[in-house]
Amino acid sequence: MNDKKLIVVSGPTAVGKTEIAIKLAEHFQTEIISADSRQCYREMTIGTAKPAPEELSRIKHYFINSHSITDELNAADYERLALGYCSEIFTKSDFAVVCGGTGLYIKALCEGIDDMPPVNPEVEKEVQAEFDQKGIGWLRAATDREDPEFYKGAEQQNPARLIRALVFKRSTGKSITTFRTARIKPRPFRIFKIALDLPRPVLYDRINQRVDNMIGEGLINEASSLYKWRHLKSLQTVGYSEVFEYLDGNISLEESISLIKQHTRNYAKRQLTWFRKDIQNKWFAPENLQDIITYIEEGTAE
């Protein structure tokens, strides 16, 4: 049995993953790899709820402020980067902590991601432009018509996933589902999957309060400074998209804030659905730190 252990802390947004991950890293004297697909971008800070400077100074974090919004990243890139981070951390410690809510990135690190043929960048631009013009209704109908096998099991509220599938089908002529082999790649470490949850009303209150804090910290100004790059995938993100709509004059500031809260709650529900499908996740309330430590120290994992 390999003596290296990867502790994965996942769960919905605003549940308290960062605090738990830092405390676990301190207890096991190790470092943290982010599994958040947006906190890696240097230009996006307030709207991505990055760990505070004080938190980043307590424990070394990988994959935070590591890239620019102009860098295109996907799950395969994350798999390669995160495995490299693990190798570095394991030269210093028997433990490494992963923390984040991007389920596909966690899956890529723990199980591997299928090799995919490249897509046509011109097709990608065309689909994106058509979506920008015609909206989510068009995107759903087009994906359902052209790749019904993917669409029937897709997150139909997630435009990024629908765009990716539609671009893939138009570029290769094949459904993206064709390349999902579900073949798990072996890893040279044991994996402990810790998933955090709270009662739904408590979680939603935390989400609403976090959004209010973001507004107070300057989210509008941050989004304004990024407005000219709004076409980038990295900025098609809850918290920024709604502010861009306000800056375009399509909705009021109050409506923008309300939509950020609503869309963040929707995102949290999707995250919970994703993580509950993984039977290896061991669920805890965020306040039960000692139970989590005991589980890792005494339990067994894949």
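The values are calculated or read from the model by the stated rules, or taken from the named source; none is laboratory data. What you see is a predicted model; the values in this text were computed from it and never measured. Cβ coordinates were reconstructed from backbone atoms using ideal geometry, including for glycine residues, and neighbour counts include every protein chain displayed. These accessible areas exclude ligands, DNA and RNA; they are computed on the full protein's heavy atoms, side chains included. Shrake-Rupley method; radii C 1.70, N 1.55, O 1.52, S 1.80 Å.
Please go through segment 15-34 and pick out each residue that is open to solvent by 10 Å² or more (accessible area, probe 1.4 Å) and closer than 22 Å to R210 by Cβ.
G16, K17, T18, E19, K23 - these are the residues of segment 15-34 that are open to solvent by 10 Å² or more (accessible area, probe 1.4 Å) and closer than 22 Å to R210 by Cβ.
For S37, work out the one condition from (1) farther than 15 Å from Y62 by Cβ; (2) in a loop (DSSP other than H, G, I, E, B); (3) open to solvent by 10 Å² or more (accessible area, probe 1.4 Å); (4) not hydrophobic (A, V, I, L, M, F, W, C) it doesn't fulfil.
If we test S37 against (1) farther than 15 Å from Y62 by Cβ; (2) in a loop (DSSP other than H, G, I, E, B); (3) open to solvent by 10 Å² or more (accessible area, probe 1.4 Å); (4) not hydrophobic (A, V, I, L, M, F, W, C), just (1) comes out false.
Matching residues to (1) under 30 Å from I279 (Cα atoms); (2) not polar (S, T, N, Q):
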site: V202; (1), (2): yes, yes
site: R206; (1), (2): yes, yes
site: R210; (1), (2): yes, yes
site: I215; (1), (2): no, yes
site: S224; (1), (2): no, no
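What is the residue count in segment 70-84 for residues that are crowded, with 20+ Cβ neighbours inside 10 Å and either assigned to a loop (DSSP other than H, G, I, E, B) or in contact with a strand residue (DSSP E or B) (Cβ under 7 Å, 6 or more places away or on another chain) (or both)?
1
Looking at (1) modelled with pLDDT under 95; (2) aliphatic (A, V, I, L, M); (3) touching a helix residue (DSSP H, G or I) at 6+ places or on another chain (Cβ under 8 Å), find the lone condition where M44 falls short.
That leaves (1) as the condition not met.
Is it the case that segment 242-254 has a residue that's over 30 Å from V127 (Cβ atoms) and in a helix (DSSP H, G or I)?
Yes, there is a match, as at least one residue in segment 242-254 is over 30 Å from V127 (Cβ atoms) and in a helix (DSSP H, G or I).
Identify the residue in segment 53-69 that is over 21 Å from F28 (Cα atoms) and assigned to a loop (DSSP other than H, G, I, E, B) and, among all such residues, is most open to solvent (accessible area, probe 1.4 Å).
Once the filter is applied, the top-ranked residue is N65.
Which residue, of T294, T300, is at pLDDT below 95, more than 22 Å from L162 (Cβ to Cβ) and hydroxyl-bearing (S, T, Y)? Full working, then the answer.
Numbers: T294 fails: at pLDDT below 95.
Among T294, T300, only T300 is at pLDDT below 95, more than 22 Å from L162 (Cβ to Cβ) and hydroxyl-bearing (S, T, Y).
Of all residues in segment 189-237 being assigned to a loop (DSSP other than H, G, I, E, B) and modelled with pLDDT of 95 or more, which is surrounded by the fewest Cβ atoms within 10 Å (Cβ to Cβ)? Working first, answer last.
Within segment 189-237, the subset assigned to a loop (DSSP other than H, G, I, E, B) is 189, 197-199, 218, 226, 230-232, 236-237.
This time we only want the ones that are modelled with pLDDT of 95 or more, so: 189, 197-199, 218, 226.
Details: F189: 19, D197: 20, L198: 19, P199: 9, G218: 14, L226: 20.
The residue in question is P199.
Yes/no matrix, rows are residues, columns are (1) surrounded by 12 or more Cβ atoms within 10 Å (Cβ to Cβ); (2) within 21 Å of K277 (Cβ to Cβ); (3) touching a helix residue (DSSP H, G or I) at 6+ places or on another chain (Cβ under 8 Å); (4) not charged (D, E, K, R):
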{"site": "V119", "(1), (2), (3), (4)": "yes, no, yes, yes"}
{"site": "V123", "(1), (2), (3), (4)": "yes, no, yes, yes"}
{"site": "Q128", "(1), (2), (3), (4)": "yes, no, yes, yes"}
{"site": "Q133", "(1), (2), (3), (4)": "no, no, no, yes"}
{"site": "R140", "(1), (2), (3), (4)": "yes, no, yes, no"}
{"site": "F150", "(1), (2), (3), (4)": "yes, yes, yes, yes"}
{"site": "R170", "(1), (2), (3), (4)": "yes, no, yes, no"}
{"site": "G173", "(1), (2), (3), (4)": "no, no, no, yes"}
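Go through (1) open to solvent by less than 60 Å² (accessible area, probe 1.4 Å); (2) among the charged types (D, E, K, R); (3) in a helix (DSSP H, G or I) for D278 and report which single condition fails.
(3)
If you check T70 against the conditions, is it of a type in the set (S, T, N, Q), at pLDDT 95 or above and within 21 Å of D278 (Cβ to Cβ)? Spell out the reasoning first.
Details: of a type in the set (S, T, N, Q): yes; at pLDDT 95 or above: yes; within 21 Å of D278 (Cβ to Cβ): no.
No, not satisfied.
When you go through (1) closer than 21 Å to Y41 by Cβ; (2) assigned to a helix (DSSP H, G or I); (3) touching a helix residue (DSSP H, G or I) at 6+ places or on another chain (Cβ under 7 Å) one by one for I106, which number turns out not to apply?
With respect to (1) closer than 21 Å to Y41 by Cβ; (2) assigned to a helix (DSSP H, G or I); (3) touching a helix residue (DSSP H, G or I) at 6+ places or on another chain (Cβ under 7 Å), I106 is out only on (3).
All but one of (1) part of a helix (DSSP H, G or I); (2) without any contact (Cβ under 8 Å) to a residue 40 or more places away in the chain hold for A25; which doesn't?
Condition not satisfied by A25: (2).
Looking for something open to solvent by 30 Å² or more (accessible area, probe 1.4 Å), under 20 Å from the mean Cα position of the chain (by Cα) and closer than 27 Å to L104 by Cα - is there at least one such residue anywhere in segment 290-301? Explain how you work it out, then say what you get.
Kept after step one, since they are open to solvent by 30 Å² or more (accessible area, probe 1.4 Å), are these residues of segment 290-301: 290-291, 294-295, 297-298, 300.
In the following step, the residues that additionally are under 20 Å from the mean Cα position of the chain (by Cα) were identified as none.
No: segment 290-301 contains no residue that is open to solvent by 30 Å² or more (accessible area, probe 1.4 Å), under 20 Å from the mean Cα position of the chain (by Cα) and closer than 27 Å to L104 by Cα.
Report the residue count in segment 94-103 for those that are assigned to a loop (DSSP other than H, G, I, E, B) and crowded, with 22+ Cβ neighbours inside 10 Å. If you could, list the steps in order and put the result at the bottom.
In the first step, residues of segment 94-103 are kept if they are assigned to a loop (DSSP other than H, G, I, E, B); the result is 94, 100-102.
This time we only want the ones that are crowded, with 22+ Cβ neighbours inside 10 Å, so: 100-101.
So the count comes out to 2.
Report yes if some residue within segment 131-139 is of a type in the set (V, I, T), out of contact with any Lys or Arg (no Cβ under 7 Å at 6 or more places or on another chain) and within 26 Å of Y78 (Cα to Cα); otherwise report no.
no
When you go through (1) part of a helix (DSSP H, G or I); (2) among the small types (G, A, S); (3) under 13 Å from the mean Cα position of the chain (by Cα) one by one for S87, which number turns out not to apply?
(3)
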